[in-house]
Each structure stands twice: as C-alpha cells, then as structure tokens.
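Undergrad: If you scroll down you'll find the structure; I have some questions about it.
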Amino acid sequence: MDSETVIFAAETGSFEMRKPELLERRNAKWRQYPSDVIPAFVADMDFRIAPAIQRAIQHSVEAFDYGYPMRDGGKADRAVASAFVNRMKNVCGWDVAEAQVLVLADLVQAIYASVMAFSDPGDGVIVQMPSYPPFRDAIATTGRTCVPLTMQATDRSYVFDLEALEATVDANTKIFMLCNPQNPTGRAFTRDELLEVLAFVEKHDLIVISDEIHSDLVYHGTRHIPFASLSPSAAARTVTLNSATKSFNIPGLRCAVAYFGTEELMQRFHKRIPVRLIGSVNSIGIDATVAAWTEAQPWLDEVLNHLKEMRDHVVATLRREIPGIRFQVPDATYLIWLDCSDLGIEGSAFDFFLERARIGFSPGEAFHPECEKFVRMNFATSKPILDEMLDRMITAVRSNRR
Ligand SMILES: Cc1ncc(COP(=O)(O)O)c(C=O)c1O
C-alpha cells in the first residue's frame, strides 16, 4: 500500500457493523421488531458514520458546547448553505445561490411546506407511483388531490408515460412532485427523461418539488442531474430538496436544505410559510452536515463500493435462487423493489416474509395501495447479515412451494 492508500483507509475507517453492536443501537431500524427479525425496512444503513462527522460531533460534546450556535462569524445555518453551494458546484457542476438556500430540519417538513405554499386545498399534485409514503400523506393531509404518474416496469427498467398523464392533468394541477433518484424503484432519471418532464411542467405551468435526497447514492455509470440545473426556466419553477442524511447515514440529526431556483420563488414560499414557522436546526446537525459534505467523500466512496457489491449480490442470488421474484436493478439507492406476485403467496408479501422468514421489509402497499405482493428491501448492511437474509428468503419461498 502506498502512503496515500494508508491515509485513505485510516480516514474511512471500518464502517461495517455486526449484529450484537447493531442490536445495542437505539434507532428505529433495530428497535421496531423483536431481535430475531432482520430489519430491512427504513432507509438507514447498518454502518458506522464517517470519522470526519464523528469528530465534528465530538467537538461540541467535549466542549459542552450546546448554546445558540454561530459558525464562521455568522448564523450557523449559513455554514450548511455554503457547504451545499460548494458541493453542488463540485459534484454536479451546478451554480447555486447561497441566499436562496433555506436550512430546515427535514425533507418531509419541506415537502409539506412546499405543497402548502404552492397550491391550495383541492388542487392536484402529480406524484410518481409507487411512491415514498409521506408524499401522498402530504397531499392527503393538506386536502390536495393526488394525480398519479405510474412507474411502469419494462424489461430492463422503470419508465413513466407523460402522454398518458396528459389525460389526468387539468387547470387545477399545480405541482409535479419528482423523486430523483426514485424511492422505491431506484431509478436515476436520464437527462432526456428530465427534459421531457421539463417540457411537461412548462406546458402546464407547474411548480416542481424535486426530492433529491438519494442523489449521492448513484452507482457507477450514472450521474445525478439536479432537475433545477437543466435550465434557468427549470430553476425558476423548482424547489430542490436535499440533505446529507441518507448518504452519510445521519437521519437522526435532522438537517436538510430547500433550494429555491430564484429569489422570487423563495419570496412566494415565504408569503405563505413564514421563516419562523420553519424553526431552526440544531447545532450538531449543522456540524455533521458540513463535515459530511466537505470532508467525508472518501468514506462515501468506500460505502458506495460496498453497496454496489451488495446490490450485485442480491441481484445474482435472487435471479439464481428465486427467479419468481421480479425486479429491476436499481441505478441508485440501497433499496430494491421486489415484485413477489408470482410466488403464490397468500396475503401480503410483507406478512409472508415477516412470519416465515423473520425479515422486516417495507410493505409494498405503503408505496402503492395495489402493491401488497411487493416489498421494498434495504440492502445497506454487511455481507453476513445480507447472506442470512437471502438464505431465510430462499428457505421461506421453497417451503411455500411444497
Ligand atoms: C425520497 C425520500 N425523501 C425523504 C426522506 C426522508 O427525509 P427526512 O428524514 O429528511 O424527512 C426519505 C427517507 O427515506 C426518502 O427516501
């Protein structure tokens, strides 16, 4: 190993964790079910965080430093805004204006706030289906109407049909909720697909809420394209949502950004959602996010290599051992959307795997009411745990056939 490799290895640390350690954690993933269940639901990784993030947190802990925070001589949240600006420039080649970055606690909060700011009760909101459940919750609980855009499985991928969508859109449709990369299908959309969406939203004069929380978890050969980076007119109608929480495994630290493509869009948002209603983010979340975006890329590179291996392992094992499960290989995310309709399961696929294999997947029907024969699997774990999960799936499916 040359000296650079040694430093790199020391900086990334060993991120994989074994079951006894994971069971000690107090997070939802490992506390929701009894200890004989392998959890593979919530989008949390079974990994230690990057040393740079841990150090940033320890800095406050060791100094007993929990007062109202300042960073770099200014308001602490601006440190996050500045880190976001630099990261977008470095990773996506996208120029972002710092003054238009709103720092808030989480993406779901930003989704609700944006729906309320840019539409009225009764208005239509387009959402890709299947979808991350809080998208539809935000539409339903604020009295808006869901306009579904189906993600259709082809031989190799999931695609959406905007021509078909034309029939369901009307003058009351106000928002296109885009999730890119998409949860649960793992699609990272191409520039051409995004340009098609842009033409559509321009034609119907829609605001785009673009949830890009999984943007750092894109596998080789694909590159994340922020929707707002497509053109100035895309930016002018787009609220981009992102955070370091998924890719750097710090969702409990609650820190996210909403980026408004123009000052005018930001003012429109604040006319309805006063800035004080958003609240402010805690100092540990701020420091962790800044450390993640500025110092922790070597850790993320290692994690992505591991995730790709785990993805390929799941794909190869399921194809070989349980060909009855249909799926597309995700371009991004550590989630895979499994269609178990051909397994002859009675009841839901979620119940089947929980009862027969003691695995806690995410139930398909949470993402689409008609998908009870689907589950979403989280493969962000170590190889031994993943192997145990795959073995249990194979045994449960074989015993069901007899
Ligand atoms: C697409 C998507 N958006 C938002 C979130 C949650 O973000 P937050 O915890 O910041 O609300 C998740 C979590 O898995 C997600 O997959």
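Undergrad: Got at least one residue in segment 192-213 being in contact (Cβ under 8 Å) with a residue 24 or more places away in the chain and of a type in the set (Lys, Arg)?
TA: no
Undergrad: Please specify each residue of segment 173-220 satisfying the condition of being surrounded by 19 or more Cβ atoms within 10 Å (Cβ to Cβ) and basic (Lys, Arg).
TA: 174, 187 - these are the residues of segment 173-220 that are surrounded by 19 or more Cβ atoms within 10 Å (Cβ to Cβ) and basic (Lys, Arg).
Undergrad: Still on this structure, I have one more. Hey, could you check segment 366-388 for residues that are without any contact (Cβ under 8 Å) to a residue 40 or more places away in the chain and crowded, with 17+ Cβ neighbours inside 10 Å and say which is nearest to residue 19 (Cα to Cα)?
TA: Across segment 366-388, the extreme among qualifying residues is 375.
Undergrad: Could you give me the residue pairs with C-beta distances under 7 Å whose first residue belongs to segment 37-59 and is in the same structural domain as residue 354 (by TED's automatic domain parsing), whose second residue is among the basic types (Lys, Arg) and assigned to a loop (DSSP other than H, G, I, E, B) wherever it lies, and which are 6+ apart or on separate chains?
TA: 37/358; 38/358; 43/246
Undergrad: Separate question: Is one or more of the residues making up segment 282-299 more than 16 Å from the ligand (Cβ to nearest atom) and in contact with a Leu (Cβ under 6 Å, 6 or more places away or on another chain)?
TA: no
Undergrad: Based on this model, can you work out whether residue 223 counts as more than 15 Å from the ligand (Cβ to nearest atom), in a loop (DSSP other than H, G, I, E, B) and either under 14 Å from residue 96 (Cβ atoms) or of a type in the set (D, E, K, R) (or both)?
TA: yes
Undergrad: What do you reckon, is residue 235 more than 16 Å from the ligand (Cβ to nearest atom), surrounded by 24 or more Cβ atoms within 10 Å (Cβ to Cβ) and among the aliphatic types (A, V, I, L, M)?
TA: For residue 235, the condition - more than 16 Å from the ligand (Cβ to nearest atom), surrounded by 24 or more Cβ atoms within 10 Å (Cβ to Cβ) and among the aliphatic types (A, V, I, L, M) - is met.
Undergrad: Now a separate question. Look at residue 108 and say whether it is under 19 Å from residue 367 (Cα atoms), of a type outside the set (Lys, Arg) and in contact with a Gly (Cβ under 8 Å, 6 or more places away or on another chain).
TA: no
Undergrad: Is it the case that some residue within segment 192-201 is under 16 Å from the mean Cα position of the chain (by Cα) and either within 16 Å of the ligand (Cβ to nearest atom) or not aliphatic (A, V, I, L, M) (or both)?
TA: no
Listed here are the residues, each with its yes/no results for (1) of a type in the set (Gly, Ala, Ser); (2) under 23 Å from residue 193 (Cα atoms); (3) surrounded by fewer than 22 Cβ atoms within 10 Å (Cβ to Cβ); (4) in contact with a Lys or Arg (Cβ under 7 Å, 6 or more places away or on another chain).
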| position | (1), (2), (3), (4) |
| --- | --- |
| 92 | no, yes, yes, no |
| 105 | yes, no, yes, yes |
| 108 | no, no, yes, no |
| 111 | no, yes, no, no |
| 134 | no, no, yes, no |
| 138 | yes, no, no, no |
| 141 | no, no, yes, no |
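Undergrad: Have a look at 85, 96, 101, 37 and point out the one that is within 16 Å of the ligand (Cβ to nearest atom) and either modelled with pLDDT of 95 or more or buried (at least 16 other Cβ atoms within 10 Å of the Cβ) (or both).
TA: Sole residue among the options that is within 16 Å of the ligand (Cβ to nearest atom) and either modelled with pLDDT of 95 or more or buried (at least 16 other Cβ atoms within 10 Å of the Cβ) (or both): 101.
Undergrad: Ok, one more. Looking at segment 238-251 only, could you name the residues that are within 12 Å of the ligand (Cβ to nearest atom) and either of a type in the set (A, V, I, L, M, F, W, C) or surrounded by fewer than 21 Cβ atoms within 10 Å (Cβ to Cβ) (or both)?
TA: Selection gives 241, 244, 250.
Undergrad: Could you figure out which of (1) among the aliphatic types (A, V, I, L, M); (2) under 20 Å from residue 215 (Cα atoms); (3) at pLDDT 95 or above isn't true of residue 149?
TA: Every condition holds for residue 149 apart from (2).
Undergrad: Of the numbered conditions (1) more than 16 Å from the ligand (Cβ to nearest atom); (2) of a type outside the set (Lys, Arg); (3) more than 26 Å from residue 154 (Cβ to Cβ); (4) crowded, with 21+ Cβ neighbours inside 10 Å, residue 346 fails exactly one; give the number of that condition.
TA: (4)
Undergrad: Looking at this structure, is residue 363 without any contact (Cβ under 8 Å) to a residue 24 or more places away in the chain and within 22 Å of residue 151 (Cα to Cα)?
TA: yes
Undergrad: Still on this model: Could you tell me which numbered condition residue 137 fails, if it satisfies all but one of (1) within 16 Å of the ligand (Cβ to nearest atom); (2) under 18 Å from residue 178 (Cα atoms); (3) in contact with a strand residue (DSSP E or B) (Cβ under 9 Å, 6 or more places away or on another chain); (4) not aromatic (Phe, Trp, Tyr)?
TA: (3)
Undergrad: Next up: Of all residues being in a loop (DSSP other than H, G, I, E, B) and among the β-branched types (Val, Ile, Thr) in segment 252-281, which is nearest to the ligand (Cβ to nearest atom)? Just the residue, please.
TA: 281
Undergrad: Taking residue 212 and the conditions (1) farther than 27 Å from residue 365 by Cβ; (2) within 16 Å of the ligand (Cβ to nearest atom), which numbered condition does it fall short on, given that it satisfies the others?
TA: That leaves (1) as the condition not met.
Undergrad: Within the group 127, 147, which residue is within 16 Å of the ligand (Cβ to nearest atom) and surrounded by 21 or more Cβ atoms within 10 Å (Cβ to Cβ)?
TA: Going through 127, 147 in turn, just one is within 16 Å of the ligand (Cβ to nearest atom) and surrounded by 21 or more Cβ atoms within 10 Å (Cβ to Cβ): 127.
The values are calculated or read from the model by the stated rules, or taken from the named source; none is laboratory data. Just so you know, these numbers come straight off a predicted model, no measurement behind them. Cβ coordinates were reconstructed from backbone atoms using ideal geometry, including for glycine residues, and neighbour counts include every protein chain displayed.
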